[in-house]
Each structure stands twice: as C-alpha cells, then as structure tokens.
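Presented below is the structure to which this report refers.
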Amino acid sequence: MYYELKVGFLLWLQMPAFRGAEYLYVTYVEPYFAKHEETLDDLTSKASTLVRDSAARASKLAVDHGKDYLNKRLSQQVADQVDAVIDSAVSSQKERDSPTSGFERLGEEGSKVQETL
C-alpha cells in the first residue's frame, strides 16, 4: 500500500494535468519564504561570508605550503650543484698540485712522448 501511495503522490506532483508541485509551492513554500525572507537572507549572507573566508584561508595555506616546499627543493638542488662545483674545483686543484709532470697526466701517450724526447 505504501509504494502505491508513493507512486500516486509522485505522479500527482509531476503530471501537468494535476499541477501538484505548483499547488504545494504556492500554498506552503512561497508563503514560508516570504514570511522568513530576512532571516533566510541573513543566514545566506553569513554562510557565504564564512565559505569565502574559509576558501581564502585554505588557498593561502596551500600557497604557503607550496612555496615552502619549492624553496626547500630549490635550496637542496642549489646546494647539490654548489657541492658538485666545489668537488670539481678541488679535484682539478689536486691534479694541478700533484708532483707529476705534464706528460704523466696525459697517461700512456704522454709516456711515449716523454720517451722519445
């Protein structure tokens, strides 16, 4: 019995011949909104302000977190590149300061050239 009444009610609401939804809106919903219009407007305004402020705070936090993450990543990459440059410079300096001759630094070919001289 419940389902039959439910289907009948939904048909009454939706069928243009009965105009049930229009009847309910004009009889109950519209007068309620008219009576409580100021209260509903205030609540809507407060909710809108609250959502806007929350979204602004959330986006600021996201941007700040993103900036911090990028700064850490970039700082690490720059530090790694500086370390690589320093290591390269130190190894080049060690090669120049080593007591080997220029021919020895050239490897086998340098040895052959040195022997022919």
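Rule-based calculations on the coordinates, nothing more; no lab input. All values reported here derive from a predicted model rather than from experimental measurement.
Please turn the phi angles of the stretch 37-42 into ³J(HN,Hα) values with the Karplus equation 6.51 cos²θ - 1.76 cosθ + 1.60 (θ = phi - 60°), one per residue in order, whole Hz, x for glycine and proline.
4, 4, 4, 5, 5, 4
Any idea what log10 I(q)/I(0) is at q = 0.24 Å⁻¹ for the stretch 36-79, Debye with uniform C-alpha scatterers and no solvent?
Cα-only, vacuum Debye calculation for the stretch 36-79: -0.78.
When you take every Cα atom in the stretch 1-48, what is the radius of gyration, and what is Dmax, the widest Cα pair distance, in Å?
Rg, Dmax (Cα atoms, Å): 15.6, 44.
In whole Hz and in residue order, list the ³J(HN,Hα) couplings for the stretch 80-88 that follow from phi through the Karplus curve 6.51 cos²θ - 1.76 cosθ + 1.60, θ = phi - 60°; x for Gly and Pro.
5, 5, 5, 4, 5, 5, 5, 4, 5
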